[in-house]
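Asker: Take a look at the following structure, please.
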Amino acid sequence: MEQINHETMAIELKQITKTFGSVVANNKIDLSVKQGEILALLGENGSGKTTLMNMLSGIYRPDSGSIFINGAPVTINSPEDSIRLGVGMIHQHFKLVEALTATDNILLGSREKGIFLHKKRSEKIREISERFGLEVDPEKKIYQMSVSEKQTVEILKVLYRKADILILDEPTAVLTPQETTRLFEILRRMKQEGCAVIIITHKLNEVLEISDRVTILRKGESVATVTTAETNARELTELMVGRPVELAIHHLKTDFHENLLEVHHLSVADEEGFETLKDVSFDLNRGEILGVAGVAGSGQKELCEAIAGLLPLKKGAILYHNEDLAGKSPNEIIKMGISMSFIPEDRLGMGLAASMGMVDNMLLKKYNEGKGPFVSKKKARELAKKLVKQLDIVTPSVDTPVRRLSGGNVQKVLLGREIESEPNVLITAYAVRGLDINSSYTIYDLLNEQKKKGVGVLFIGEDLDVMLELCDRIMVLCHGKITGIVNAKEVTKEELGLLMTDASGKGGDAHEV
Amino acid sequence: MIINFLFAAIKAGTPLLFGTSGEIMSEKSGNINLGVEGMMFMGAFMGFYAAYHTGSLALALLAAFAIGVFAALIYAVLTVSFMANQNVTGLTLTIFGTGVAKFFGEMMISKSGGSPKLSERFLASISEKPIPVLGDIPLLGKLLFSHNPLVYLSVIIAIICTIYMLKTRHGLNMRAVGENPGAADAAGVNVTLVKYVHILLGGGICALGGAYLSLINGGGIWNNSSVVNGQGWISVALVIFASWNPAKAIFGSLVFGAFSVLQFYVPKNIIVIPNAFYVMLPFIITTLVLIISSMRKSREGSQPAGCGVNYFREER
Amino acid sequence: MKYKIQVVKKAEVSLSKNLLLSLLAIVSALLAGGIFILAIGHNPLNIYGSIVQGAWRSPIAIKGTIKIAIPLLIASLGITPAFQMKFWNIGAEGQIIMGGIFATYFALFFDHLPHGLLLLLMFIAGMLGGGLWGLIPAYFKTKFGTNETLFTLMLNYIALYLIKYFTEGPWRDPASSGFPKIASFAKNARLDQVLGLHAGWVIGLLLVVLVFIYLNFTKRGYEIKVVGESTNTARYAGMNVKKIVMRTMFLSGAICGIAGMTQVSGAAFTLGEGVAGGVGFTAIIVAWLAKLNPVIILIVTVLFSMLEKGCSVMQSSFGLSTAVSSILQGIILFFILAFDFFTRYRFVLRKSTN
């Protein structure tokens, strides 16, 4: 402990409080990072990590509390102030101007002298990127870039400004394991150069791998700060959740052996003609949970939407009890008497109408029922009230706009409505994203219940540990192709990781398993 | 004949070029200002009023510019600081600006006891005369170098705006604000300041177009009812036609100007097209441009992505 | 130590507070308008008094006010379904005009038909004209994503010059020697009077009820709201988004077209370039102010019309230009726009070092 006193604190936050309306996002939080140190900021979704960091980057301003940078008290009123103080933040949702080139994004807002932009400005950026071993074409427009390229631009932006305090918000969520390793190398290098690094994450293995110390937030409060070398995953989880957690997910055995859905040679192309799904074939059985793993953007979204009838197919067939659903709209699928439910990734932007209350949202797929031109809300109101009771949904009333509910409650409204329609096939995309651990487990239980009833569940997931426990089989997608369909009992996380990056080395070519 | 036609086209296109350059400045920083018509109207009155009383062209332009900045300030305060709906605010500004110009215009008429007329000396200062040497070039001299001074001003402003937008640091910041204010903000650009500056500048430039209409097109006499007469709206159309690039607007204003005077130059015995279609053409062409650019789905040359949406940093 | 003003988002505001804010906005607007009136050398109370009086003092004045209100009301109602769908239709002006042109066609060339049938034809034609003018941008929006704000704006002017074409060309009244104009409609093609005023007001009031019911209680209204929320949600729910957008825009344009029809056959008895006269633009402001609620639209329309009618007496009583109406309208709207901010945000004062 004496050591700390001799070193300069790059950042010190004291008693920071921030509220949004009536919600307290951060309550009297203390946090500090030394120069040449990597601090992991750990916490469940909604624990206030991003809010806290946004006060360092100038996006939000604290209601009370003080911030010290390199020992001096500062007020950060805007991102401008923050940048001037040497803070660089890489946001989870990249802050890049899509229509501009990488170079112009990096130069944006810079305080350099001179009125005119340099003709050869791209060269300078190229030099810097080469020096740090980063690959990016400085003249490429952002909208033509992949996610990892975009992240590289964000990192370059920070390096270009010579920031000595670096904040990264869930940087690895969009990266392959290899890209993650590369990112961590860069972070270690910055650490050696004396930078202070804060990395926001909820992945415990990464915390243990990269950080020197960990600060844990829970429900907007700082519960502990521990030295990474002296802790373990179990302790961190307990601190994060606030109680000992039974990490095992109940795995259910069912006995149906009946084929429900067959997908044959499915291909989907986007507007520019690029194939986002390539020749995908698999089947889904009754009473099984089929996991779909893959790096973000490998075609998961397209797969769900294609099956749900929301995307036009380029080729292929989707057979449900030998009836082809290919080319059918959601409406036609409903009319065929096939009960399929889809829980999309974008809950408020696709699964629900955000400004409508629960009652109106219950009507979403049923408003057309009944004769005559008028909508009947009676049944919907009853259903909404029933769901509130059954799933403990916290809402002021069944007519409150659903966008005002918390993430967990929004998901319960959506999942509740879909399960009530008694589907035979249930497709869930990132069902627990953004939920705290309690809500997540409620969702797993609901899915298992459906499985018991004989429903075939397609589970698009991101946490491999969860998928290994919950799913019966796991299908891995990479660049829109299936790189393997494996039995969840007989595979390791590492093997899955290799499939996700398609380490077979054939540059994304699929191989049958 | 053709030279005369093109010469007239340039003259007719000039007020549009002012209006369009001004509106591009505003839209490129993310604010669609549908008050162009109103700002032009105010500029028309103010320019005329100052010219009438001072007899100085510089003061007339300055006054017009200033009133345009003032009108745009109302818009900027409401949309940037108070985050009001941009379309509604712009339309209101058109109603307000038209009202203000007509109201004071009428007052000016009743005070002068008839129609106020600009002095001969002033009219001489804005008359068309060839630039020495350049004006003597055959054909081109007449076409390009024998205009009234405001024509040159409009082209210079359009060129400066283009260079500013595409080649300077501040121009880059402004384009970024118009496309994605959140990203610009995170990069340390003062979004509010950038928006204010460009909305105000844009308003001033638009108002110069109004001054052109009252000083040049009006022939030295104030006409309360038909000074601006939709030119502001045509300028908004020209922004699309010029794909948000003032340099392209120079050409565009020539095309639009050509259509508006075409009816006087087409030999009526050979080609019989109703007059109404000539004035309609710019709008039809603009619509086609709008459709074609949306078909190509190009990001370049289309409306800035952040246009019409107000920015609030703490939006969650 | 400096202080800085900062903007903070509010939790949702209650209805009563909202009303209070609106009231406060209007009071401040009237105060600001009063300052303007003082500045031009008049007594604000006198002026305001005579505006109200000018609008309501006699049956003729009242009729005048309502006459102004009719097209504004109908057009505002027309815009509402489109805006509810977040389709920024600022083409009401053109849709009114097209309604007028289509209706005029029947008025001019089918005036031998029985009165009732002719009016019905004109009514349907008006809806068709406006509806088609709304359908065009909707088609391109759904097909290519063409920006509807700019598209509908352009269509306004194309429609306006179409009137010019008909006036100077095929429909020109041969009897008028000087300025080209379209002949006055035969008695047969004129809208009937109800209680001493053309029947447009009955149509307008009926539409208030119909639009209210359509948007709030029907399946189609529900679809419009969902599409307005998110087209992805609508697709997810199995809705045919393209069809809904086109149908709604046809409807939106058709209602505006009715405004055009009532104008030509009830008010002007002919088609002139002033048939819409900016009503289509004012209607956008009215619809927005009323937060797309048909009943509030009715109230706002009456207030707007009162201001306009009342100001028309300014000239005779005070020697003031009628443009005062536009200025006052502008000032009042600016204040309401500014006060709307306080229903969503508030200012706080914060200390700021360095």
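Derivation of every value follows stated rules applied to the coordinates shown; laboratory data play no part. Note that the coordinates shown come from a computational prediction; the quantities given were computed from them, not determined experimentally. Counting neighbours? That spans all protein chains shown, and the Cβs are built from the backbone with ideal geometry, glycine included.
Asker: From Cα coordinates alone, what are the radius of gyration and Dmax values for chain A in angstrom?
Answerer: 24.5, 78
Asker: Same structure again: What trypsin sites (Lys or Arg not before Pro) does the stretch A:56-153 have in DSSP loop regions with at most 15 other beta carbons within 10 Å?
Answerer: Working: sites: A:Arg84, A:Lys95, A:Arg111, A:Lys113, A:Lys119, A:Lys120, A:Arg121, A:Lys124, A:Arg126, A:Arg131, A:Lys140, A:Lys141, A:Lys150; in loops: A:Lys95, A:Arg111, A:Lys113, A:Lys119, A:Lys120, A:Lys140.
Listed in order of number, the matching sites are A:Arg111, A:Lys113, A:Lys119, A:Lys120, A:Lys140.
Asker: Suppose we keep just the DSSP beta bridges with both residues in the stretch A:9-241; what percent of those would be antiparallel, to 5?
Answerer: Antiparallel: roughly 55 percent of the beta bridges in the stretch A:9-241.
Asker: Does anything in the stretch A:182-212 have its amide N under 17 Å from the 7 Å Cα→Cβ label point of A:Glu230, and if so which residues?
Answerer: So the set is A:208, A:211-212.
Asker: Count the net charge of all other residues whose Cβ sits under 14 Å from the Cβ of C:Gly260, scoring Lys and Arg as +1 and Asp and Glu as -1.
Answerer: Values: positive: none; negative: C:Glu93, C:Glu273.
That sum, taken over residues with Cβ under 14 Å, equals -2.
Asker: Applying 1/(1 + (r/R0)^6) with R0 = 35 Å to the Cβ-Cβ distance of B:Val272 and B:Ile3, what FRET efficiency is obtained, to the nearest 0.05? Please list the in-between numbers first.
Answerer: Details: r = 25 Å, r/R0 = 0.70.
Result of the calculation: an efficiency of 0.90.
Asker: While we're on this one: Write down the percent of antiparallel bridges among all DSSP beta bridges whose residues are both part of chain A, to the nearest 5.
Answerer: 55
Asker: Please state the shape class of the stretch B:23-137: rounded when a/c is under 1.5, otherwise prolate if a/b exceeds b/c and oblate if not, all from the C-alpha gyration tensor. Before the final figure, lay out each step's value.
Answerer: On the way: a/c = 3.09, a/b = 1.48, b/c = 2.09.
Verdict is oblate for the stretch B:23-137.
Asker: Given a cut-off of under 8 Å on Cα pairs at least six residues apart, what relative contact order in percent is computed for the stretch A:59-158? If you can, show how the numbers build up before the last one.
Answerer: Working: 81 pairs, mean separation 31.2, N = 100.
The value is 31 percent.
Asker: Take the Cα radius of gyration of the stretch C:1-122 and divide it by 2.2 N^0.38 Å, with N its residue count; two decimals is plenty.
Answerer: Compared with the compact-globule rule of thumb, the stretch C:1-122 sits at 1.68.
Asker: Now a separate question. Taking amide H positions as placed in the peptide plane 1.01 Å from N, state which residues far from A:Ile198 in sequence (5 or more) or on other chains have amide H under 5 Å from it.
Answerer: A:Leu39, A:Leu166, A:Ile167, A:Leu168
Asker: Could you compute how fast the protein assembly as shown diffuses translationally, taking Rh as the Kirkwood radius over C-alpha pairs and applying Stokes-Einstein at 10 °C with viscosity 1.306 mPa s? Give it in µm² per second.
Answerer: Answer, rounded: 48 µm²/s.
Asker: Expressed as an acute angle from 0 to 90° and rounded to the nearest 10, what is the orientation of the C-alpha long axis of helix A:177-192 relative to the principal long axis of chain A?
Answerer: It is inclined by approximately 20 degrees.
Asker: What are the extents of the Cα atoms of the stretch B:180-282 along their three principal axes, in Å, largest first?
Answerer: Reported extents, whole Å, longest axis first: 63, 31, 19.
Asker: If you fit an axis through the alpha-carbon atoms of helix B:86-112 and take the longest principal axis of the Cα set of chain B, what angle between them do you get, 0 to 90°, nearest 10?
Answerer: That works out to roughly 30 degrees.
Asker: Quick check on chain C: helices-only [θ] at 222 nm, where DSSP H runs of length 4 and up contribute -39,500 (n - 2.57) each and the sum goes over total residues. Nearest 500, please.
Answerer: Values: 14 runs with 245 residues, N = 354.
Result for chain C: -23500 deg cm²/dmol, rounded to the nearest 500.
Asker: Exactly which GluC sites (Glu not before Pro) in the stretch A:368-423 are in a DSSP loop and have at most 16 other Cβ atoms within 10 Å?
Answerer: On the way: sites: A:Glu369, A:Glu382, A:Glu418, A:Glu420; in loops: A:Glu369.
Sites meeting the loop and neighbour criteria: A:Glu369.
Asker: Turning to a different aspect of this structure: So what are the three principal axis dimensions of the stretch A:29-81 from its Cα atoms, in whole Å, longest to shortest?
Answerer: Extents along the principal axes: 29, 26, 19 Å.
Asker: Pairs of alpha-carbon atoms within less than 8 angstrom and 6+ residues apart define the contacts here; what relative contact order does chain B have, in percent?
Answerer: Taking the mean separation of contacting Cα pairs over the length of chain B, I get 37 percent.
Asker: No solvent, one uniform scatterer per C-alpha: report log10 I(q)/I(0) for the stretch A:9-241 via the Debye equation at q = 0.07, 0.12, 0.18 1/Å, two decimals.
Answerer: Once normalised to I(0) and log-transformed, intensities are -0.22, -0.66, -1.41.
Asker: Here is a follow-up. What are the equivalent ellipsoid semi-axes of the stretch B:2-315, built from the alpha-carbon gyration tensor (square roots of five times its eigenvalues), in whole angstrom, biggest first?
Answerer: Each semi-axis is the square root of five times an eigenvalue, giving 31, 24, 19 Å.
Asker: Given the -39500 (n - 2.57) contribution per DSSP H run of 4+ residues, what per-residue ellipticity at 222 nm results for chain A, rounded to the nearest 500 deg cm²/dmol?
Answerer: Helix-only estimate at 222 nm: -9000 deg cm²/dmol.
Asker: Oh, and also: Given the pairs A:Lys386/C:Lys10; C:Lys141/C:Lys243; A:Lys378/C:Lys291; A:Lys377/C:Lys225, which are separated by over 23 angstrom at their Cα positions?
Answerer: Details: A:Lys386/C:Lys10 31 Å; C:Lys141/C:Lys243 12 Å; A:Lys378/C:Lys291 27 Å; A:Lys377/C:Lys225 15 Å.
Beyond 23 Å between Cα atoms: A:Lys386/C:Lys10; A:Lys378/C:Lys291.
Asker: Using only Cα atoms and rounding to the nearest 10 degrees, what angle (0 to 90) does helix B:36-54 make with the longest principal axis of chain B?
Answerer: 50
Asker: Which ³J(HN,Hα) values in Hz, rounded to whole numbers, follow from the phi angles of the stretch C:157-170 under the Karplus curve 6.51 cos²θ - 1.76 cosθ + 1.60, where θ = phi - 60° and Gly and Pro get x?
Answerer: With coefficients 6.51, -1.76 and 1.60, one gets 6, 4, 5, 4, 6, 5, 4, 4, 4, 5, 5, 8, x, x Hz.
Asker: While we're looking at this one, here's another question. With springs connecting C-alpha atoms under 10 Å apart, model chain C as a Gaussian network and identify which of C:Pro81, C:Pro180, C:Pro170 has the largest mean-square fluctuation.
Answerer: With Cα springs under 10 Å in chain C, the top fluctuation among C:Pro81, C:Pro180, C:Pro170 is at C:Pro170.
Asker: How big is the stretch B:70-199 by Rg and Dmax over its Cα atoms, in Å?
Answerer: 21.2, 58
Asker: Checking the cross-link filter: which aspartates and glutamates have an alpha carbon closer than 13 Å to that of A:Lys493, excluding same-chain neighbours under 8 positions apart?
Answerer: Cross-link targets: A:Glu462, A:Asp463, A:Asp465, A:Glu469.
Asker: Express as a percent, rounded to the nearest 5, the fraction of DSSP beta bridges in the protein assembly as shown (both residues included) that run antiparallel.
Answerer: Once the DSSP bridges in the protein assembly as shown are tallied, antiparallel ones form about 60 percent.
Asker: Also, quick follow-up: Loop sites only, by DSSP: take the GluC sites (Glu not before Pro) in chain B that have at most 16 other C-beta atoms within 10 Å and name the longest stretch containing none of them.
Answerer: Answer from the scan: B:129-299.
Asker: Taking 1 over the mean of 1/r across every pair of different Cα atoms in the stretch C:64-319, what Kirkwood radius in Å do you get?
Answerer: Taking every pair of different Cα atoms in the stretch C:64-319, averaging 1/r and inverting gives 18.4 Å.
Asker: If R₀ is 56 angstrom, what is the calculated FRET efficiency for the pair B:Asp136 and A:Asp463, using the beta carbon separation as r and rounding to 0.05? Could the numbers behind the result be given before it?
Answerer: Details: r = 80 Å, r/R0 = 1.43.
Step by step, r from the Cβ atoms, then E = 0.10.
Asker: Can you tell which of B:Gly182, B:Gly43, B:Gly13 shows the greatest fluctuation in a Gaussian network model of chain B with Cα springs below 10 Å?
Answerer: Comparing B:Gly182, B:Gly43, B:Gly13 in the GNM, the peak value goes to B:Gly182.
Asker: I've got another one for you. Among A:Thr227, A:Ile167, C:Phe106, which residue has its Cα furthest toward the positive end of the charge dipole of the protein assembly as shown, with +1 on Lys/Arg Cβ and -1 on Asp/Glu Cβ?
Answerer: Comparing the listed Cα positions along the dipole, C:Phe106 ranks first.
Asker: Enumerate the lysines that A:Lys453 could reach by cross-link, defined here as Cα to Cα under 18 Å, with residues fewer than 8 away along the same chain left out.
Answerer: Output for A:Lys453: A:Lys253.
Asker: What residues have an amide H closer than 5 Å to that of A:Leu311, excluding those fewer than 5 places away on the same chain, when H is modeled at 1.01 Å from N in the peptide plane?
Answerer: A:Ala306
Asker: List the residues whose amide H sits under 5 Å from the amide H of A:Cys478, counting only those 5 or more places along or on another chain, with H placed 1.01 Å from N in the peptide plane.
Answerer: Placed amide hydrogens put A:Thr483 under 5 Å from A:Cys478.
Asker: Between the stretch B:103-175 and the stretch A:337-370, what is the C-alpha centre distance in whole Å?
Answerer: Comparing the Cα centres of the stretch B:103-175 and the stretch A:337-370, I get a distance of 59 Å.
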